[in-house]
């Protein structure tokens, strides 16, 4: 049977897919395999989750959600998706600090690849991890804790599946909160030259959407916590942009009903932080995706560099999203020790036409030290990755320690993190 990722641009080559229903069954599967990789929600656009041997789907493990109110943490099953986790946490009176654009993605896969939301003070989703449990190459269960394991823990959280199969994660939580979301249209690109930080710092989470065709940002999605005094009626002129007069989808022509509630209607955090509703498919899947992160201090230069190649980018682009992510200490996080701005590209699903443009984007951002999103399409060579990720060699050593025989290696790991 032909098995593909979510977008359908990649056919998995693994000979078998196992879906264990217990930890013991998973341990036996891992110990007995020669080559094996964990499969999350298959929302990666490259072969990071593929294997020359076996893929393991952890969604069959018990759907654990165990709250520790005193510690302000929740222990969750690796395969649970953010949509379900958000609903269950909110019912219990708790929240996560942030969510990605899609609530359909799994917790373990998102954290392993440093997937993120937006907000100048918000770290990526992996920064909420306080502990993780994984099955290592010989079938043993290992737990790594933020306090007890320090540096090794910070190396393992964004682990790209190279250290073992994550079975559960313990996440920081906080009291549940409500949010209001507004969309503004027609932000002049020139405004970002002088007011980039003002724009992206104006709310809890801010996303800018553009097709790079002209001198304006098409939409700005502004997400306020409801207790923020700025969450009231939107101003009629916000940095020269105007409030949208109805719900919007980031991609022109797509139904706005697929998107989370706008126009300032208050609602729970898990129904406002994502851009898309959990009950709807956000798009047809007819797309490819790339994303590159540069230090936030280079945001204006990056915007100008990308606008300079708009004639090559826009013909193969559905939409581009600009977000911010706060600095962290996770070795393979694109925000390692620097506040970053993320430039996301949702391309048409035409690999032959898109690949040269991705290379052009990488070239345009190369002088700004751009780091790629691990689960999307990029061509940054290992030597350049090693330069841009200061703990790159340390992670290679950690992977050898956890997996000396290379059981969890695959073509993606060999290509981007070759064994020393």
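The values are calculated or read from the model by the stated rules, or taken from the named source; none is laboratory data. The model shown is predicted, which means the values in this text are computed figures rather than measured ones. When we count neighbours, we look across all protein chains shown, and the Cβ atoms used for this are built from the backbone with ideal geometry, even at glycine.
Give 56, 67, 74, 120 a once-over and let me know the one that is assigned to a loop (DSSP other than H, G, I, E, B), in contact (Cβ under 8 Å) with a residue 24 or more places away in the chain and either closer than 23 Å to residue 372 by Cα or touching a strand residue (DSSP E or B) at 6+ places or on another chain (Cβ under 9 Å) (or both). If you could, list the steps in order and put the result at the bottom.
Working: 56 fails: assigned to a loop (DSSP other than H, G, I, E, B); 67 fails: assigned to a loop (DSSP other than H, G, I, E, B); 74 fails: assigned to a loop (DSSP other than H, G, I, E, B).
After applying the criteria, what remains is 120.
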Can you spot a residue in segment 4-20 that is over 29 Å from residue 347 (Cα atoms), in contact (Cβ under 8 Å) with a residue 40 or more places away in the chain, in a loop (DSSP other than H, G, I, E, B) and not assigned by TED's automatic domain parsing to the domain that holds residue 321?
yes
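Does residue 402 meet the test of being buried (at least 21 other Cβ atoms within 10 Å of the Cβ), over 22 Å from residue 298 (Cβ atoms) and out of contact with any helix residue (DSSP H, G or I) (no Cβ under 7 Å at 6 or more places or on another chain)? Before the answer, list the steps.
Details: buried (at least 21 other Cβ atoms within 10 Å of the Cβ): no; over 22 Å from residue 298 (Cβ atoms): yes; out of contact with any helix residue (DSSP H, G or I) (no Cβ under 7 Å at 6 or more places or on another chain): yes.
So residue 402 does not fit the description; no.
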For segment 161-216, how many residues meet the condition of being in contact (Cβ under 8 Å) with a residue 60 or more places away in the chain and in a strand (DSSP E or B)?
24
Criterion violated by residue 79 - all others in (1) touching a helix residue (DSSP H, G or I) at 6+ places or on another chain (Cβ under 7 Å); (2) crowded, with 21+ Cβ neighbours inside 10 Å; (3) touching a residue at least 40 places away in the same chain (Cβ under 8 Å); (4) not in a strand (DSSP E or B) satisfied:
(3)
Name the single residue, out of those in segment 284-304 being within 20 Å of the chain's Cα centre (by Cα) and surrounded by fewer than 18 Cβ atoms within 10 Å (Cβ to Cβ), that is farthest from residue 365 (Cα to Cα).
284
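Tell me which residues, restricted to segment 233-251, are closer than 24 Å to residue 196 by Cβ and not in a strand (DSSP E or B).
Of segment 233-251, the ones closer than 24 Å to residue 196 by Cβ are 234-244, 248, 250-251.
Residues satisfying the conditions are 234, 235, 236, 237, 239, 240, 244, 248, 250, 251.
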